[in-house]
Amino acid sequence: MTPEDFDRLQTLLATRAGFRLTRDRMHLAEHRLGPVARREGYHNVEAMLATLWNKPIASLGWAVIEALLNGETWFRRDRAVFDVFSRELMPALTAARPGGKVRLWSAGVSTGQEAYSLAIAALENSADVEIVATDLSRQAIEKAHSGLYTSFEIQRGLSARTMLRWFEQVEDHWRARPELRSTVRFERANLLDEPADDRPFDVIFCRNLLSDLEPAHRARVLDQLERRLVDDGCLFLGVDERPDGDSVAFRPVAGRKGLYVKAPSALRRAA
């Protein structure tokens, strides 16, 4: 891959998806694009990119973008966050919504482990929940929807008891049980686009995504998260992520890394 190709990849990823691709990931990008080139019938990455630059093809462009996204995830990633959600937040929300559903959104869900972790926590609290999980990658959403994981993936973050309770073995893989899969609705979505559904959520998880965004797009994404969250609703970011400088809508919860509460509208106007 030439430096010029990489520069154009950076522009493609930033303009279409809002993500940044730093120069130190050039070799990683070429490694990830190799399988895409072979799948699309090109003899190497350079030939594929030459075709893309000369005659932009939407499907090929998105295949390239999806290959470059950071899909790293595992069950109950950052365990302290899920302990707070399961032991403190979920019981409080259930008590505050007698007879009504608690709505959760897992944004940037990748291959689904976060959404299923939330579903397990909700079901173990006997909560009536609706979980929407979205990601830009079509391939990741398809895997998440299948609920099918390798032995390595299923053991990464889950205890043996939880694994056996909520997953069933299918040959050398593990599949989420129907009760678990029916709790989550997976959809492909680009956070730069206007949402088709404007129903608000009680809790939004959008973790380890802001840090990968181009700075110019962070405020836009945070604005969308604000509009989709009820007043006093909770936003979980990555434990090292902060909305400072990009939004005045969220206030940190003391002693709970990564947890923010949406400020009421009067406070946001005052800020």
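The values are calculated or read from the model by the stated rules, or taken from the named source; none is laboratory data. Please read all numbers here as calculations on a predicted model, not as lab measurements. A quick note on method: Cβ atoms are made from the backbone with ideal geometry, for glycine too, and the neighbour counts reach across all protein chains shown. Accessible surface is based on the protein model in full, side chains and every heavy atom, while ligands, DNA and RNA are left aside. Shrake-Rupley method; radii C 1.70, N 1.55, O 1.52, S 1.80 Å.
Descriptive notes on the structure:
- Of all residues in segment 40-61, those that are assigned to a helix (DSSP H, G or I) have Cβ atoms under 9 Å from Cβ atoms of residues that are among the polar types (S, T, N, Q), 6 or more apart or on another chain, in GLU46/THR2; LEU49/THR2; LEU60/THR51.
- Residues of segment 1-29 that are in a helix (DSSP H, G or I) and either open to solvent by less than 60 Å² (accessible area, probe 1.4 Å) or in contact with a strand residue (DSSP E or B) (Cβ under 7 Å, 6 or more places away or on another chain) (or both): ASP5, PHE6, LEU9, GLN10, LEU12, LEU13, ALA14, ALA17, ARG25, MET26, ALA29.
- Taken together, GLU66, GLU72 contain a single residue that is open to solvent by 70 Å² or more (accessible area, probe 1.4 Å) and acidic (Asp, Glu), which is GLU72.
A quick yes/no check of all residues on (1) over 30 Å from VAL64 (Cβ atoms); (2) modelled with pLDDT under 95:
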site: GLY147; (1), (2): no, no
site: THR150; (1), (2): no, no
site: GLU171; (1), (2): yes, yes
site: LEU180; (1), (2): yes, no
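- Matching residues in segment 152-162 - criterion: being of a type in the set (A, V, I, L, M, F, W, C) and either under 23 Å from LEU68 (Cα atoms) or surrounded by fewer than 18 Cβ atoms within 10 Å (Cβ to Cβ) (or both): PHE152, ALA160
- Residue list for segment 134-168, filter: closer than 30 Å to ASN190 by Cα, over 17 Å from the mean Cα position of the chain (by Cα) and of a type in the set (A, V, I, L, M): LEU148, ILE154, LEU158
- Hits in segment 120-141 (condition: charged (D, E, K, R), modelled with pLDDT under 95 and surrounded by 20 or more Cβ atoms within 10 Å (Cβ to Cβ)): none
- Residue check for ARG32: of a type in the set (Lys, Arg), open to solvent by 80 Å² or more (accessible area, probe 1.4 Å) and part of a helix (DSSP H, G or I): no
- Residues of segment 182-196 satisfying the condition of being open to solvent by 80 Å² or more (accessible area, probe 1.4 Å) and polar (S, T, N, Q): SER182
- PRO98 outside any helix (DSSP H, G or I) and not hydrophobic (A, V, I, L, M, F, W, C): yes
- Of the strands (runs of 3 or more DSSP E) contained entirely in segment 222-262, those carrying at least 2 residues that are in contact (Cβ under 8 Å) with a residue 60 or more places away in the chain fall at 229-236.
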